[in-house]
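Asks: Structure below; questions to follow.
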């Protein structure tokens, strides 16, 4: 039987794992798809390749489809988020010089770190982020808005070059997805100070996206891909599968790096400073549990609001997170569906049972570090 070929763009980060596993372990093949993973050098290159039709689908930073759909940055295009690929999984680190300057700060204490950086003398803190329309940048802005005296200079650096940017003195700090924070630690040029989860406990990081017109014209292929990725995400969240996942991701055709640099993100054991014992971080990177793959329209609304969108823009953002397609395409394989497609973001401080189609859904804490909540209903 012939297979439908899908060209899927990705950037080499640990959280591309659902796409890699969907291909390598046959979940895509079982759905009748030949998934062609097309590595991209940067997020801007990936964005343009998707907008111009050279890619069918892509791994994207969660704010990218929102920004494109409301006409911000680069090539405007109506882009749909079919599902979330990963939640959390990013780290904030500083150069060794900055670490020495601010003194000892407990790992993961966002408020203490903000206070320490605010007392730092000298010029603005140059922070490397992988892309302007990224969750990294939105969390950085939210976090530093609580310290108006702290001057930040945002510098765009592709993830694979982040360690070099620190080593060369191009940036003083960085917010990046794994494994590139671990690479900087391994090269002894930086120390990790906190994770993205320490600012927002349940931040949608990467999403599976496609142009709206492609989705409308290729409904069967979109459904097949969503089912394959959903199954791959469930496989990834089983701890017994972590060693094989690390081995597959390490291969030359995927991340092409030592398994030792990939394992921390999947195991949650984060080495914050070279030659120190790992620090266990619960829910560091989530692929499947706690409805991690569900495209909450309230998350899209939060992203749009942080990008400065008005009420019309927020509604456009909600529309591009396709909770409707998620329900339509995944209910048949037993996926548990939340009773609503929006929620108050930041309101959950503990694991919480919610109404769902199968009655088994428990949502993860999603609180923001400053206690704020956001209701866009």
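What follows is calculated from the coordinates using simple rules that are stated; it is not laboratory data. Just so it is clear, the structure is predicted and the values come from calculations on it, not from any experiment. Positions of Cβ are generated from backbone atoms using ideal geometry, with glycine treated the same way; all protein chains shown enter the neighbour counts.
Asks: Looking at the range 1-151, I'd like the Rg to Rh ratio, where Rg is from alpha-carbon atoms and Rh is Kirkwood's inverse mean 1/r. Can you show the working numbers first?
Replies: Numbers: Rg = 19.3 Å, Rh = 17.9 Å.
That ratio is 1.07, to two decimals.
Asks: Taking the Cα atoms only, what angle lies between the long axis of helix 219-236 and the longest principal axis of the chain, rounded to 10 degrees?
Replies: On a 0 to 90 degree scale, this one is about 50.
Asks: Out of the DSSP beta bridges found with both residues in the chain, what percent are antiparallel (nearest 5)?
Replies: Restricted to the chain, the bridges split so that about 65 percent are antiparallel.
Asks: A further question on this structure: Report the extension gain between residue 375 and residue 118 in nm, rounded to one decimal, defined as 0.36 nm multiplied by the number of residues separating them, less their alpha carbon distance.
Replies: Result: 89.5 nm gained on full extension.
Asks: Let me ask something else about it. Output the Kirkwood hydrodynamic radius of the range 220-377, Cα pairs only, in Å rounded to one decimal.
Replies: 17.8
Asks: Can you tell me the orientation of helix 135-144 relative to the chain, as the angle in degrees between its alpha-carbon axis and the longest Cα principal axis, to the nearest 10?
Replies: The angle comes out near 40 degrees.
Asks: Any chance you could list P(r) for the range 69-166, counting all Cα-Cα pairs in 5 angstrom bins from zero, rounded to whole %?
Replies: 2, 10, 19, 22, 21, 12, 7, 5, 2, 0
Asks: Once Rh is set to the Kirkwood radius over Cα pairs, what Stokes-Einstein translational diffusion coefficient, in µm²/s, holds for the range 90-134 at a temperature of 25 °C and a viscosity of 0.890 mPa s?
Replies: Answer, rounded: 209 µm²/s.
Asks: Quick one: grab the alpha carbon gyration tensor of the range 286-335, order the square roots of its eigenvalues as a ≥ b ≥ c, and give me rounded if a/c is under 1.5, else prolate or oblate depending on whether a/b is larger than b/c. Could the numbers behind the result be given before it?
Replies: Values: a/c = 4.94, a/b = 1.93, b/c = 2.56.
Oblate.
Asks: If packing is taken as the average number of other Cβ atoms within 10 Å across a peptide's residues, how do 348-361, 160-173 rank, most packed first?
Replies: Taking the mean over residues of other Cβ atoms within 10 Å, the ranking is 160-173, 348-361.
Asks: Which residues does a label at residue 188 reach in the range 129-167, if reach means a backbone N under 15 Å from a point 7 Å past the Cα toward the Cβ?
Replies: Hits in the range 129-167 for residue 188 at 15 Å: 167.
Asks: List the equivalent ellipsoid semi-axes of the range 123-234 in whole Å, largest first, each obtained as the square root of 5λ for an eigenvalue λ of the Cα gyration tensor.
Replies: After diagonalising the Cα gyration tensor, the semi-axes are 32, 17, 14 Å.
Asks: Shape of the range 199-287 from its Cα gyration tensor (a ≥ b ≥ c, root eigenvalues): rounded if a/c is under 1.5, otherwise prolate when a/b > b/c, or oblate?
Replies: Prolate, since a/c reaches 1.5 and a/b exceeds b/c.
Asks: Which entry in (1) 17.4; (2) 22.6; (3) 19.2 matches mean projected area of the Cα convex hull in nm² derived from the coordinates of this structure?
Replies: Structure-derived value, by its label: (1).
Asks: Show me 321-333, 144-156 ranked by packing, highest mean number of other Cβ atoms within 10 Å first.
Replies: Final packing ranking: 321-333, 144-156.
Asks: For 374, 133, which order do you get if you count the other beta carbons within 10 Å of each Cβ and list the fewest first?
Replies: 374, 133
Asks: Could you work out, for the range 262-303, what percent of all Cα-Cα pairs fall into each 5 Å distance bin, beginning at 0 Å and stopping at the bin that holds the largest distance?
Replies: P(r) over the range 262-303, rounded to whole percents: 5, 20, 18, 17, 13, 13, 9, 5, 1.
Asks: Under the rule a/c < 1.5 gives rounded, and otherwise a/b versus b/c splits prolate from oblate, where does the range 269-354 land using the Cα gyration tensor?
Replies: Oblate shape, in that a/c is at least 1.5 and b/c is the bigger or equal ratio.
Asks: Turning to a different aspect of this structure: Helix-only estimate, please: 222 nm mean residue ellipticity of the chain, summing -39500 (n - 2.57) across DSSP H runs of length 4 or more and dividing by its residues, to the nearest 500.
Replies: -10000 deg cm²/dmol
Asks: May I pose another question? Hey, with R₀ at 35 Å, roughly what FRET efficiency would residue 312 and residue 147 work out to, going by the Cβ-Cβ distance, to 0.05?
Replies: According to the calculation, E is roughly 0.65.
Asks: A further question follows. Output the 0 to 90 degree angle, nearest 10, between the alpha-carbon long axis of helix 311-320 and the longest principal axis computed from the alpha carbons of the chain.
Replies: The answer is roughly 60 degrees.
Asks: Once the convex hull of the C-alpha atoms of the range 132-185 is built, how many Å³ does it hold per residue, rounded to a whole number?
Replies: 84
Asks: OK, next. Give me the percent relative contact order of the chain, please, defined on Cα pairs under 8 angstrom at least 6 residues apart.
Replies: 22 percent.
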